[in-house]
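Let me begin by presenting the structure, written as structure tokens, before commenting on it.
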There are 6 protein chains.
Amino acid sequence: MENKEIWLESLITATPQEGRELAVKMARKSVAAIQTDPEVRKKLRNDYAADTAQLIASAQVIALEFQTVARANNYWK
Amino acid sequence: MENKEIWLESLITATPQEGRELAVKMARKSVAAIQTDPEVRKKLRNDYAADTAQLIASAQVIALEFQTVARANNYWK
Amino acid sequence: MENKEIWLESLITATPQEGRELAVKMARKSVAAIQTDPEVRKKLRNDYAADTAQLIASAQVIALEFQTVARANNYWK
Amino acid sequence: MENKEIWLESLITATPQEGRELAVKMARKSVAAIQTDPEVRKKLRNDYAADTAQLIASAQVIALEFQTVARANNYWK
Amino acid sequence: MENKEIWLESLITATPQEGRELAVKMARKSVAAIQTDPEVRKKLRNDYAADTAQLIASAQVIALEFQTVARANNYWK
Amino acid sequence: MENKEIWLESLITATPQEGRELAVKMARKSVAAIQTDPEVRKKLRNDYAADTAQLIASAQVIALEFQTVARANNYWK
């Protein structure tokens, strides 16, 4: 289940907004680790992007990943 | 999936209540990162704003984002 | 989506139990930030107060908010 | 929504197991803060105590509350 | 609601894997605190062990409990 | 319920990406602790890998486990 592509070299980002983008990326990569077929993921994304329960559940995952990124960056203070 | 608009310059807010508002904004921006069409989001918001399960799920996302904002601000102590 | 009323001046409370009450209030205010009509919220509250899944989901939100309040107060030690 | 009964004087407990019991109590008190009728709660408890999804959701709330209690007690070290 | 059996004397374990086992035990004990009949729990376990949504929800509870155990042990560093 | 195989010797990994892989492994091992039959798990995995709600729920578990791994590694700073 290992991704050979190195997509996460560091949790450090220059700005909080880049930290948000990294959190979104981390969440997507988790989904890709389980559903490895990009065509299936593309089809599924169209389904859940119009389902509010799943949009909110995705926002929760992003919030959790961002907690980790924000701490790694000491909140960019 | 990157938002070109810079909406998150800092996690620092003057007051706890502004920290709450930032947490709500962060949660909404996560939804916008996945469902990029504002018209679709507007329609969906009307649906979920009257669905208690989804209101509670949204409150959970806000609680998680606020944990991050509160820590960044050292709880405004 | 900003609430003009200042309802959160500080995360500091005199006692742990007041901290619980603040956590419950924070959770309710999140719901109010999304569903701004108090009549709609009143009707919805009657529905979900007898739905165990939603009572448990609400308890989860309160637990998360209380984590933040407790840390702000250094656990009232 | 305030409970006049003082049920949470401190987050400090003598042992980890008492900390677990406090976490369970905190979770139950959250449910009571929303559904204030003990007869309704009693009936609902019989329903959800045989529903695995809700048992697992309850265990998640207890886990979150216990995180807070454990930190308050510095893990009883 | 108190368990008279002392099953949690300490959060300290010798190894990370024993920490995982303790987290699984803590999650199971939460379920037992709500559904006190072991025969009912046995029957329910057979049901949810083949339901992926509930397996994933159980994994989330274990992840939360393990966060607490890991911190108590300072990550076994 | 104990796994005799030692699969978690340490939370320390050389890189953040290996930390992600460990988080995914920890999440899978939790599922295996509850559903011990690998054939049943294989069949279930095919089911949930095409169900967006369950993919998102899995991503949430990975996010939680990664929080623990990241802290153990001091964010690989």
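The values are calculated or read from the model by the stated rules, or taken from the named source; none is laboratory data. Note that the structure is a prediction, hence the values are computed from the model and not measured. Cβ sites come from the backbone with ideal geometry, for glycine too, and all protein chains shown count toward neighbours.
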If I go through the range C:44-72 residue by residue, how many of them are more than 13 Å from the chain's Cα centre (by Cα) and in contact (Cβ under 8 Å) with a residue 40 or more places away in the chain?
2
Going by what's in this entry, would F:Ile6 be described as closer than 30 Å to F:Tyr75 by Cβ, facing another protein chain (nearest Cβ under 7 Å) and not in a helix (DSSP H, G or I)?
yes
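Table: residues versus (1) more than 7 Å from chain F (Cβ to nearest Cβ); (2) polar (S, T, N, Q).
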{"site": "A:Glu18", "(1), (2)": "yes, no"}
{"site": "A:Pro38", "(1), (2)": "yes, no"}
{"site": "A:Val61", "(1), (2)": "no, no"}
{"site": "A:Phe66", "(1), (2)": "yes, no"}
{"site": "A:Asn73", "(1), (2)": "yes, yes"}
Taking the range F:10-43 as the search range and keeping residues that are among the hydrophobic types (A, V, I, L, M, F, W, C) and over 16 Å from the mean Cα position of the chain (by Cα), which one is surrounded by the fewest Cβ atoms within 10 Å (Cβ to Cβ)?
F:Ala14
So for the range A:45-59 (the condition being assigned to a loop (DSSP other than H, G, I, E, B), charged (D, E, K, R), at the interface with chain F (Cβ under 9 Å from one of its Cβ atoms) and closer than 26 Å to F:Asp51 by Cβ), does at least one residue qualify?
yes
Would you mind finding the one in B:Val31, B:Val24 that is closer than 30 Å to C:Asn46 by Cβ and touching a residue at least 12 places away in the same chain (Cβ under 8 Å)?
B:Val24
The conditions are (1) without any contact (Cβ under 8 Å) to a residue 40 or more places away in the chain; (2) surrounded by fewer than 23 Cβ atoms within 10 Å (Cβ to Cβ), and C:Trp76 fails exactly one of them. Which is it?
(1)
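Conditions tested, residue by residue: (1) within 14 Å of F:Phe66 (Cβ to Cβ); (2) not polar (S, T, N, Q).
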| site | (1), (2) |
| --- | --- |
| A:Leu11 | yes, yes |
| A:Gly19 | no, yes |
| A:Leu22 | yes, yes |
| A:Thr36 | no, no |
| A:Glu39 | no, yes |
| A:Val61 | yes, yes |
| A:Glu65 | yes, yes |
Count of residues meeting criterion [among the polar types (S, T, N, Q), out of contact with any Phe, Trp or Tyr (no Cβ under 6 Å at 6 or more places or on another chain) and modelled with pLDDT under 95] in the range A:31-77:
3
Please go through the range B:23-41 and give me each residue that is under 13 Å from A:Leu55 (Cβ atoms) and either among the polar types (S, T, N, Q) or in a helix (DSSP H, G or I) (or both), ordered by number.
B:Ala27, B:Arg28, B:Lys29, B:Ser30, B:Val31, B:Ala32, B:Ala33, B:Ile34, B:Gln35, B:Thr36, B:Val40, B:Arg41
